[in-house]
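One structure is given here, and the rest of the page talks about it.
The values are calculated or read from the model by the stated rules, or taken from the named source; none is laboratory data. Keep in mind the model is a prediction, meaning the values are calculated, not measured. Here Cβ is always computed from backbone atoms with ideal geometry, including for glycine, and neighbour counts include all displayed protein chains. When the accessible area is computed, the model is the full protein with side chains, heavy atoms only, and any ligands, DNA or RNA have been set aside. Shrake-Rupley method; radii C 1.70, N 1.55, O 1.52, S 1.80 Å.
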Amino acid sequence: AGSVEEGLSFLERSVAARPDDVDARLDLVEAYLAAGRPEAARGLLGSLPEGGSAERGRVLAVVASTAGQSRADAQAAVERLVAANPTDAPLLRIAGAYLASSGAVERGRELLRNAVRADPRAVNSRLALATVESQLGDLGAAEIQLKAILEREPAHQPAHLG
């Protein structure tokens, strides 16, 4: 909802306050990837314990591993992963945010819309879609996503900021 640096700072403070919260740490990994900071994402992924949120961590690790490849090769690797898992809502969200941030904004938007359709209750998918919609200038579509988040979680601060 704000600058990338503000968002990362917020997530970093959240992780510092709750270092054992694996989901918060994965949120930060996802934000690092979306912000083009794969080294930070890989470092944080390497420090995560095995077990909880393993699927999400696996998906993020795959996306993080594409860093360092050419943009075309990295996008192709993400597309292969999506093709193999076309209904995996967390994967669609992560892939959509990644593609949108790496220049394939329309494709990212499409995957984020698919993620919301696959799991309409997923707040992170809606928030990522709202971000992309606003970047593309469709503020009405962004507002729809933000309002849906607030219906589900009335105290959701990023949705209020958006």
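Scalar couplings 3J(HN,Hα) for the stretch 137-154, obtained by applying the Karplus form with A = 6.51, B = -1.76, C = 1.60 to θ = phi - 60°, are x, 9, 5, x, 5, 5, 4, 4, 5, 5, 5, 5, 5, 5, 5, 7, 9, x Hz; x denotes Gly and Pro. For a quick check, take a GNM of the chain with Cα springs below 10 Å and name the residue from SER47, SER101, SER125 with the largest mean-square fluctuation. Judging by the Gaussian network model, the answer is SER47. Here the sum of -39500 (n - 2.57) over DSSP H runs of 4 or more residues, divided by the residues of the chain, equals -23000 deg cm²/dmol at 222 nm, to the nearest 500. Sorting THR66, THR87, THR131 by solvent-accessible area of protein heavy atoms yields THR87, THR131, THR66, largest first, with a 1.4 Å probe. Sorting the segments 17-28, 139-150 by their residues' average number of neighbouring beta-carbon atoms within 10 angstrom, most packed first, yields 139-150, 17-28.
Using r as the Cβ-Cβ distance of ARG71 and ARG117, and R0 as 30 Å, what FRET efficiency do you calculate, to the nearest 0.05? That pair, ARG71 with ARG117, gives E of 0.65.
Evaluating 6.51 cos²θ - 1.76 cosθ + 1.60 at θ = phi - 60° for every residue in the stretch 25-38, the Karplus couplings come out as 5, 5, 4, 5, 4, 4, 5, 4, 5, 5, 8, x, 10, x Hz, glycine and proline recorded as x. Fully extending the segment from ALA84 to GLU5 would add 25.1 nm, taking 0.36 nm per residue of separation and subtracting the current Cα-Cα distance.
Checking (1) 9, 36, 33, 17, 4, 1; (2) 10, 35, 37, 16, 3, 0; (3) 11, 41, 39, 9, 0 against P(r) over Cα pairs in 10 Å bins from 0, in percent calculated from these atoms, the matching label is (3). Using θ = phi - 60° in the Karplus curve 6.51 cos²θ - 1.76 cosθ + 1.60, the 3J(HN,Hα) couplings for the stretch 14-21 round to 4, 5, 4, 6, 9, x, 8, 7 Hz; x is entered for Gly and Pro. Note on the stretch 28-162: with neighbouring protein chains present and a 1.4 Å probe, carbon and sulfur make up 54 percent of its accessible heavy-atom surface.
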